[in-house]
1. Is there a residue being surrounded by 12 or more Cβ atoms within 10 Å (Cβ to Cβ), under 21 Å from THR244 (Cα atoms) and touching a His at 6+ places or on another chain (Cβ under 8 Å) anywhere in region 72-86?
2. Tell me, yes or no, whether region 118-126 has at least one residue that is in a helix (DSSP H, G or I) and in contact with a His (Cβ under 6 Å, 6 or more places away or on another chain).
3. Being under 49 Å from the mean Cα position of the chain (by Cα) and surrounded by 14 or more Cβ atoms within 10 Å (Cβ to Cβ) is the requirement here; does ALA64 meet it?
4. Is at least one residue of region 417-438 among the aliphatic types (A, V, I, L, M), part of a helix (DSSP H, G or I), out of contact with any Pro (no Cβ under 6 Å at 6 or more places or on another chain) and surrounded by 10 or more Cβ atoms within 10 Å (Cβ to Cβ)?
5. Test each condition in (1) in the same structural domain as ALA155 (by TED's automatic domain parsing); (2) modelled with pLDDT under 90 for GLN317 and report the one that comes out false.
6. Checking THR145 against (1) farther than 28 Å from ALA264 by Cβ; (2) touching a residue at least 12 places away in the same chain (Cβ under 8 Å), only one condition comes out false. Which one?
7. Is it the case that ARG333 is in a helix (DSSP H, G or I), at pLDDT 90 or above and either outside the structural domain of ARG144 (by TED's automatic domain parsing) or farther than 21 Å from PHE142 by Cβ (or both)?
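The values are calculated or read from the model by the stated rules, or taken from the named source; none is laboratory data. Quick caveat: nothing in here was measured; it's all calculated off a predicted structure. Note that each Cβ is placed from the backbone with ideal geometry, even for glycine, and that neighbours are counted across all protein chains shown.
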Amino acid sequence: MSDLIDLATQQTVISVAELNRLARTAIERGVPLVWVAGEISNFKRYDSGHCYFTLKDEAAQVDAVMFRHKAQHLDWTPENGMQVEVRATATVYEARGKFQLAVDAMRRAGLGALYAAFEKLKAKLDKEGLFDPDIKRELPPFPRTVGVVTSPQAAALRDVITALRRRMPGINVIIYPTPVQGEGAGAKIAEAIALAGARAECDVLIVCRGGGSIEDLWAFNEEVVARAIRACPLPVVSGVGHETDFTIADFAADLRAPTPTAAAELVSPDGVKLNRDVVLLGQQLARIFSRGIEDRMQRLDYLSRRLTHPGERIRNQVIHLQHLASRLRGEWRRGTDEQTWALRDTAQRLRAAAPDMGLLVQQQQELVRRLRGAVREHMTAAAERVTGVRSHLLHLNPQRVLERGYSITETADGAIIRDSAQLSEEQELKVTLARGWAGVRVKRIG
């Protein structure tokens, strides 16, 4: 819309195509997806699958188109004069500059109220816990009798009976007749369910009817039917309409089947499969029984071979004992011989290991003699070393030097004078002689 205002103020010249595009954009942005009620006229479905028609009321009309990918989901055929409600987007067909509705979904007038009532009742019963999975009952695996609540004239009844006879011919079928469509049908269906529960003649109950519009199936959307299903002491399977149809009865039942035939298949075991399983089990049982007999026959043969006369067993035991006694005597002799040889070997080793005392005494005396000689030689060598060290020490003794006429001159503080440069006149010195000492004073230094 702002684009149009800008174009108008700028006095810009645009093409027709651009004008139609702007109009389409403005309408699609300004008008949301809405439900529109009206009467169909000029309805035509082309080979392409697209549907073109006019939607009108007393005051106005508008062209509408429903494209194939939307129209293919309709389970009914729109016709001229029908009052319908369409969910559509307002738009412009740019090539013709034509205002129209692009239809997304279509329903017959009044269905909106039915759907609203359906959702309201469903939410109410769900809140009460009527659809709680924990209260659903298990179906009996092998029912003897199946009850069917439906109209005797309904094709659904024939489908159920045909499926039961095909799968399990021995199942009894009890029909609880009731109208399944029209005014008061819901109450009659509830009465039939209550009657089946009160009689308790069957093991499981099927509540069914064939397909139809939502109005046709509405009896199964009534609260009285849902409460009758939950109050029934028997497990209940619902098989109402086609696979895409859902009713309140489906949610209340213990199990929902997409069709009446499927309901019959759910409550009945497959007789062909059961017969096949019985045959297989019989064959397995026969093989197990035969194998068991063969095993026992083989064990009997084995045990019979082990059976002997008591006298024969005693003779065998005597022979066995004699054999053991012979082995015991042989082992005893062999053990005795081994011990005898071991004692002889030990005595010989002891004799070989006995010491020669005379030789040991001679060896001891020789060791004593050699020890005494070694001690003398060691003492002589030690004395010679001591004498040498003493002579060396005497040679180094300062006293021997003094005895040869030498003296040691020291200062008052004990420093030995080796050089005249260390002296000064009138300095007092100490002179040590070979025997004694003398104090002197320096008079002259040379």
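1. no
2. Looking through region 118-126, none of the residues is in a helix (DSSP H, G or I) and in contact with a His (Cβ under 6 Å, 6 or more places away or on another chain).
3. Numbers: under 49 Å from the mean Cα position of the chain (by Cα): no; surrounded by 14 or more Cβ atoms within 10 Å (Cβ to Cβ): yes.
No.
4. Taking region 417-438 first, the residues among the aliphatic types (A, V, I, L, M) are 417, 421, 423, 429, 431, 433-434, 438.
Cutting the leftovers down to part of a helix (DSSP H, G or I) gives us 421.
Cutting the leftovers down to out of contact with any Pro (no Cβ under 6 Å at 6 or more places or on another chain) gives us 421.
Within this subset, residues satisfying the condition of being surrounded by 10 or more Cβ atoms within 10 Å (Cβ to Cβ) are none.
No, every residue in region 417-438 fails to be among the aliphatic types (A, V, I, L, M), part of a helix (DSSP H, G or I), out of contact with any Pro (no Cβ under 6 Å at 6 or more places or on another chain) and surrounded by 10 or more Cβ atoms within 10 Å (Cβ to Cβ).
5. Single failed check for GLN317: (1).
6. Here THR145 meets the rest and fails (1).
7. Working: in a helix (DSSP H, G or I): yes; at pLDDT 90 or above: no; either outside the structural domain of ARG144 (by TED's automatic domain parsing) or farther than 21 Å from PHE142 by Cβ (or both): yes.
Considered against the rule, which asks whether it is in a helix (DSSP H, G or I), at pLDDT 90 or above and either outside the structural domain of ARG144 (by TED's automatic domain parsing) or farther than 21 Å from PHE142 by Cβ (or both), ARG333 comes out as no.
Results for (1) part of a loop (DSSP other than H, G, I, E, B); (2) in contact with a Ser or Thr (Cβ under 6 Å, 6 or more places away or on another chain); (3) in the same structural domain as THR77 (by TED's automatic domain parsing), shown as yes or no for each residue.
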residue: THR162; (1), (2), (3): no, no, no
residue: ILE189; (1), (2), (3): no, yes, no
residue: ALA192; (1), (2), (3): no, yes, no
residue: ALA196; (1), (2), (3): no, no, no
residue: VAL207; (1), (2), (3): no, yes, no
residue: GLY212; (1), (2), (3): yes, no, no
residue: GLU215; (1), (2), (3): yes, no, no
